[in-house]
Amino acid sequence: MFGFFFQMFLLCAGAFLAGVLLTWLTMRPRDTSPEAPLSIMEEPVAAVPTIKANSRTMMYHTPESPYYKRMKGDAFFHSPEDARRAGYTMWTPRPRVPVSSS
């Protein structure tokens, strides 16, 4: 009985080590040039769109907008000119309605 469990342990350990080896072989850096390789986490900063737009209201928000952080946005643009060409209008501050005391 002990021999069977020992064989199963060796089989599982071998399969685990084969998986580790295959994962390491596919994930290791292939380029050995002296220049620093580009990390997975590095992305070009210019490629990130900074303008968020809402297709229901057809308004776009710049990072200066007070609503920019809380709006999800379903359309994104690189510049306000791109948003205007797509038919969106810039956000405007909401007028404050005075409270009437009666």
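The values are calculated or read from the model by the stated rules, or taken from the named source; none is laboratory data. Computed from a predicted structure; not experimentally measured. All Cβ positions, even for glycine, are placed from backbone atoms using ideal geometry, and neighbour counts span all protein chains on display.
Of everything in the range 28-87 that is exposed (fewer than 10 other Cβ atoms within 10 Å of the Cβ) and among the acidic types (D, E), the residue that is modelled with the highest pLDDT is E64.
Summed over the range 72-87, the residues that are assigned to a loop (DSSP other than H, G, I, E, B) and within 12 Å of S55 (Cβ to Cβ) give a count of 5. Of all residues in the range 88-102, exactly one satisfies the criterion of being in a strand (DSSP E or B) and surrounded by 13 or more Cβ atoms within 10 Å (Cβ to Cβ), namely M90.
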